[in-house]
Amino acid sequence: MTEIVMSQTPPILHGPSEKERKYDRQLRLWAASGQAALESANILLVNSGPGTVGVETLKNLVLPGIGRFAIYDEARVEEADLGVNFFLDEDSLGKPRSESLTGHLLELNPEVQGDWYPNENVKTLDSLLTSSPVFTTIIYTHPITPENLSLLESHGQQHQTPLVAIHSAGFYSYFRINLPGAFPIVDTHPDETATTDLRLLTPWPELAVFAEELTKNIDDLSDFEHGHLPYVVILLHYLERWKAEHDGSYPSTYKEKTEFRRIVQGVARTQNAEGGEENFDEAAAAVLKTLVVPSLPSGLKEIFEYERTNPAEQKSGFWVIADAVKAFYEKHKCLPLPGKVPDMKAQSKVYIQLQNIYKAKARKDAAEILETVQATAGGQTIDPAEVDLFCKNAAFVKLINATTGKISRADRLNEVAAQEFRNDEQAEMTLQPLSLLPIYLAMQATAHQVETEDGRGWPRQEEVLARVAKMVPGADENERVRQAVEEVARAEGGELHNVAALTGGMVAQEMIKIITKQYIPIDNTCLFDGISSRCQILRL
């Protein structure tokens with residue numbers, strides 16, 4: 001009889017920490033590493049105009065726990081502000097708007113720190129940028145003075161700081177992400193179904209031997225053993241038979257793969273107790289998506305072909321790893337194996353063995369790439385975990401803003417405008433939605449605080465059209481551009497809180513992607529039409 005020792009007690013189970021409970025939902029999205037990046041972020045908002053969309057963006061960054069923010073806003077709170085900004089009240093009247101906004105934002109999350117400017121110590125934007133630590137990201141809202149915009153762009157270029165411009169007026173808004181050169185994202189969080197890479201057409205020796213041992217007497221297996229063969233093993237077995245009958249070639253065309261699928265379906269046992277075999281159904285369903293020759297994804301090809309001219313890129317750990325992966329691909333004609341095996345019908349013991357075979361191959365590939373990295377100048381300091389992450393996500397690594405800087409912004413705008421207007425001419429026949437570029441042109445023409453001809457402080461419709469014509473010659477004759485200009489001129493720079501709130505949410509989402517370097521941010525301008533409730537992303 002087994003003796004029970006009463007003095008033995010089970011270990012104490014510790015529940016989630018207070019922070020884990022507080023940020024539970026977002027930790028599921030970007031994990032502890034993403035949260036740590038967020039909490040170390042320092043965001044600057046240069047607020048102008050009505051000032052609503054900028055603070056709505058900050059709200060959606062304060063709530064998930066950015067580390068620190070600062071608001072630079074030269075305006076004082078007026079009666080008009082109270083009707084469009086939920087973060088101002090009657091007690092704020094006459095006070096610096098930056099002070100009131102900062103105080104109300106800090107009430108949302110006591111773990112976040114915030115500062116406001118101008119104050120007694122820092123009176124200008126130039127002195128703020130000079131005296132402050134480097135900001136993680138800078139947001140600025142339109143309309144902005146050309147002088148302040150020039151300061152921000154120079155600062156962003158000097159310190160490699162992402163700039164985010166936001167403009168909201170009436171029912172329209174847009175935001176533009178200006179990244180400092182090419183911006184790589186490794187942890188792109190691809191769809192689970194897209195990450196399956198079983199290498200069935202190029203099995204390595206350990207996998208081939210494993211499959212051969214399980215299927216060498218496949219027709220003599222019991223119903224239980226036959227019905228619990230992993231579908232990877234089933235496909236490898238019948239691929240070998242196919243090769244023997246087709247001069248050593250795998251099924252490559254859709255017709256051949258369909259025929260191969262019928263062969264797999266035809267050997268499933270139906271006279272068993274279940275009336276069929278789930279594992280053979282899984283094998284048949286996996287034929288089209290797994291019998292694929294390894295190829296180089298377009299995103300990774302762009303990375304391999306990217307010409308690095310920035311000295312900072314030459315020293316970047318990302319590019320050292322990318323070069324090592326490129327060398328691996330050129331040597332083996334395939335990417336490193338991710339090592340993940342999807343769920344499938346199999347005995348637990350066999351499934352674990354199969355998992356270990358894939359994991360061992362993935363570790364071997366990653367080790368080879370790490371060896372190349374460490375043999376490269378500067379590669380000794382790179383964390384092996386970075387190499388592992390790159391190897392697991394190699395097929396889905398994305399490079400944002402890779403080519404935008406190769407032509408001037410004005411030339412790029414004219415190219416996009418010509419293409420969008422051509423697309424609109426065909427829209428009725430193709431049933432495609434019309435371009436939102438007219439909204440961008442109308443708003444960009446009012447993006448700077450400049451004196452108008454009559455001193456009104458806001459340009460009339462004819463003045464806005466004239467500015468549009470300077471940006472894109474002939475665009476002022478486009479009927480939809482004229483309609484957009486009419487709406488922007490009518491709004492006279494006024495913000496609608498619902499449009500500002502929605503836009504602020506979108507901007508914060510993209511900023512979190514940039515700060516955490518997870519998921520794929522937009523590239524590079526997002527337009528919103530509140531009248532038709534539609535967005536469009538353009539590279540301008």
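Give me the helices (runs of 4 or more DSSP H) completely within segment 269-387, filtered to those with at least 3 residues that are more than 30 Å from H159 (Cα to Cα), ordered by residue number. Write out each step before concluding.
Numbers: elements: 278-290, 298-305, 311-315, 317-332, 348-374.
In segment 269-387, the matching helices (runs of 4 or more DSSP H) lie at 278-290, 317-332, 348-374.
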| said: Under 8 Å between Cβ atoms, which residue pairs at least 6 apart in sequence (or on different chains) link something in segment 308-330 that is of a type in the set (D, E, K, R) with a partner that is open to solvent by 50 Å² or more (accessible area, probe 1.4 Å) and part of a loop (DSSP other than H, G, I, E, B)? | reply: D323/T376
| message | Between L61, L44, which is within 25 Å of the chain's Cα centre (by Cα) and in a strand (DSSP E or B)? | response | L44
| request: Could you identify the single residue in E302, E330 that is in the same structural domain as P384 (by TED's automatic domain parsing) and open to solvent by 90 Å² or more (accessible area, probe 1.4 Å)? | output: E330
| note | The correct count of residues that are outside any loop (DSSP other than H, G, I, E, B) and either free of Cβ contacts under 8 Å to residues at least 60 places away in the same chain or among the charged types (D, E, K, R) (or both) in segment 503-540 is 5
| query | Within segment 85-135, can you find the residues that are aromatic (F, W, Y) and under 18 Å from A501 (Cα atoms)? | reply | F86, F87
| note | Note on N85: of the conditions (1) of a type outside the set (G, A, S); (2) open to solvent by less than 10 Å² (accessible area, probe 1.4 Å); (3) part of a helix (DSSP H, G or I); (4) at pLDDT below 95, unmet is (3)
| field | From L63, L58, L105, residue being open to solvent by 60 Å² or more (accessible area, probe 1.4 Å) and at pLDDT 90 or above | value | L63
| remark: Scanning segment 243-289 for residues that are farther than 14 Å from Y231 by Cα and acidic (D, E), the one least open to solvent (accessible area, probe 1.4 Å) turns out to be E256
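The values are calculated or read from the model by the stated rules, or taken from the named source; none is laboratory data. Note that the structure is predicted; figures quoted are calculated from it, not measured. As a convention, Cβ positions derive from the backbone with ideal geometry for all residues, glycine included, and neighbour counts pool all protein chains shown. Surface accessibility is based on the protein's heavy atoms, side chains included, excluding ligands, DNA and RNA. Shrake-Rupley method; radii C 1.70, N 1.55, O 1.52, S 1.80 Å.
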